[in-house]
Amino acid sequence: FSINLTKRETTGAFALIDSLVRHEVKHIFGYPGGAILPIYDELYAWEKEGFIEHLLVRHEQGATHASDAYARATGKVGVCFGTSGPGATNLVTGIATAHIDSVPLVVITGQVGRSFIGTDAFQEVDIFGVTLPIVKHSYVVRD
């Protein structure tokens, strides 16, 4: 890895992008928004070093459909990012499509702060519960 990346603070965002790169993910489709911006900040550093490429879509639903198509065309896992709340719910149709056809996707969304989960805060949606019937595995990272 580049000296610029090895001297970075180890955050959850760093661990995520590092893990994707180590698993040979080369392309991520996504649409940035408030709750996922720390991940996008980290992604920028990795993309600048040439390890990964982000493909900006015009709508979150386009991110899941593009990553679905990418997985079907390449045989690799499709990866996409979306933000919390309505951004996350916009991913659902593409997730369901991929699930029905057994297309491998990794979908990562931002989320409001822990203290706001379950309080109907701005852009807080139980995306874990919404997607549970249409995914193999779903996780909420709290620490």
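Table for the structure above
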{"item": "Flag for F51 being open to solvent by 50 Å² or more (accessible area, probe 1.4 Å), modelled with pLDDT of 95 or more and out of contact with any strand residue (DSSP E or B) (no Cβ under 9 Å at 6 or more places or on another chain)", "result": "yes"}
{"item": "Segment 106-115, residues that are at pLDDT 95 or above and buried (at least 22 other Cβ atoms within 10 Å of the Cβ)", "result": "V107"}
{"item": "Condition check for H23: closer than 26 Å to V140 by Cβ and open to solvent by 90 Å² or more (accessible area, probe 1.4 Å)", "result": "yes"}
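The values are calculated or read from the model by the stated rules, or taken from the named source; none is laboratory data. Predicted model, so just to flag it, every value in this text is computed and none were measured. Here the Cβ is made from the backbone with ideal geometry for all residues, glycine too, and neighbour counts use every protein chain on show. In case anyone asks, the SASA skips ligands and DNA or RNA and just uses the protein heavy atoms, side chains included. Shrake-Rupley method; radii C 1.70, N 1.55, O 1.52, S 1.80 Å.
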